Amino acid sequence: MSMASSEGTQETADPGPTDPSERIVSLDALRGFALLGILVINIWLFGLPTVASLNPTLYGDFTGSNYLAWLVSHVFFEQKFVTLFTFLFGAGMVLFLESKNRKGQAGRKLHFSRTFWLLVIGLGHAYLLWWGDILVFYALAGFLVVWVWRWRPTRQFILGTVMFAIPSVLYLLTAIGYYSLSADGQTELEAELLGAFGADLSPEAEIAVYQGGWVDQVAHRFPVMLEFHTIGFLFEVLWMVGGMMIIGMALYKWGVLTNERSTRFYRRAFVGFGGAGLALVLAGVWSREAVSWETLPVLTLSFQFNYWGAPLLAVGYLSGIMLLCRWASDGMIVTGLAAVGRTAFSNYLLQTALATTIFYGYGLGLFGQLSRLELLGVVVLIWAIQIPLSVWWLERFRFGPVEWVWRTLTYRSRQPFRLEE
């Protein structure tokens, strides 16, 4: 019996969304784990000028406890948790389409409806609230990668890996071109690359914008997001995010994400993949120090270690969560993670609402004012709100509030909301 059926009830012929009783606990727990971990890196984007994320030596204190805060965040969190989340998005796509096919529904049509509304919500989130949005990229990639959902997992894994490699190769070629330029040419290319990452303002100017009013923030954010959603998507994000989605499809079909593999498999993956990924990421830290934190070498060469180490460490993490779900499925930790995972869409937007209220001028205006260590304290505070709130909510409602709206829009009919409905 698969984990899909052993962790839930027999699937019904109801044409609506999946009933809470039919959900796969391991997927929900892993999604919750990923969402909470993403905030450790997103907090840099919420609370610091953009350049601080690209090169932490260019803004703020980078010694002692603040260096340690960066090191822990970079080594154990940066790219690892968004990779997990992207795996799960791809897996969720296959799970959704399989479910609709079993019910005799037009699965692909519903997928496109679902993805369209994800895009609409994401565009509002990105342009009106926060430039670090991932939803638009997920929606755009989701329109494209769905066409391979029926492929055998081996073919999916190969395609996903090749796609994921494309940005890595492009950055290597950029590095080669950089070292062939004159000093003035290198300076110009570095400025262009920083601008492509959204660091087109000085830290002081960016602080002034985000400590100011909402209208000024939208005016600054609009051209940045437009470039991200066009050039950035075509040349980088499509390949990186789309590749990880397709690999997620393969991992789902192989039973890796649904806790169907042996305990021995997960133990070996935890140690083997996790260890290899950690070694690569640490080598990347050494590489950054070796190039004295020069911005363009860091963005094109040193980042490669984390780029390839992150998926390996992510597989180690997912193996650990599968083991945890196997050994303590009814425990407080799994229950809390699964509750966050079941309300992941709502919690993702809640993170933005809380963080922008803390950092932006229409709230407390703390943008650019907190150290990296203090930012980690804000992360713990937001976690302390989200986890118990998610558990409390699901004791009363079937879905998170945004999930309910999304489902209602997808199926064009009001979905039951309270548990007694």
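Considered as a group, the residues in segment 388-409 that are charged (D, E, K, R) and in a helix (DSSP H, G or I) include one that is nearest to the chain's Cα centre (by Cα), and that residue is 403.
Just one of the listed residues (316, 320, 255, 248) is open to solvent by less than 40 Å² (accessible area, probe 1.4 Å) and under 28 Å from residue 56 (Cα atoms), and it is 316. Applying the criterion of being assigned to a helix (DSSP H, G or I), open to solvent by less than 70 Å² (accessible area, probe 1.4 Å) and not β-branched (Val, Ile, Thr) to the residues of segment 368-387, the residue that is farthest from residue 32 (Cα to Cα) is 372. In segment 256-273, the residues that are touching a residue at least 24 places away in the same chain (Cβ under 8 Å) and among the acidic types (Asp, Glu) form Cβ pairs under 6 Å with partners that are surrounded by 14 or more Cβ atoms within 10 Å (Cβ to Cβ) and part of a helix (DSSP H, G or I), at six or more places apart or across chains, as follows: 260/3. Only residues that are touching a Leu at 6+ places or on another chain (Cβ under 7 Å), under 28 Å from residue 340 (Cα atoms) and either at pLDDT below 95 or assigned to a loop (DSSP other than H, G, I, E, B) (or both): list them for segment 30-72, please. Answer for segment 30-72, where residues must be touching a Leu at 6+ places or on another chain (Cβ under 7 Å), under 28 Å from residue 340 (Cα atoms) and either at pLDDT below 95 or assigned to a loop (DSSP other than H, G, I, E, B) (or both): just 53.
Among 86, 115, which is the only one that is within 21 Å of residue 26 (Cβ to Cβ), among the β-branched types (Val, Ile, Thr) and within 17 Å of the chain's Cα centre (by Cα)?
Numbers: 115 fails: within 21 Å of residue 26 (Cβ to Cβ).
That would be 86, the only listed residue that is within 21 Å of residue 26 (Cβ to Cβ), among the β-branched types (Val, Ile, Thr) and within 17 Å of the chain's Cα centre (by Cα).
Restricting segment 208-245 to residues that are free of Cβ contacts under 8 Å to residues at least 40 places away in the same chain and among the β-branched types (Val, Ile, Thr) leaves a set whose member that is least open to solvent (accessible area, probe 1.4 Å) is 209.
The values are calculated or read from the model by the stated rules, or taken from the named source; none is laboratory data. All values derive from a computational prediction rather than experimental measurement. Ideal geometry is used to build each Cβ from the backbone, glycine not excepted, and the neighbour counts take in all protein chains shown. Note: areas computed on protein heavy atoms with side chains; ligands, DNA, RNA excluded. Shrake-Rupley method; radii C 1.70, N 1.55, O 1.52, S 1.80 Å.
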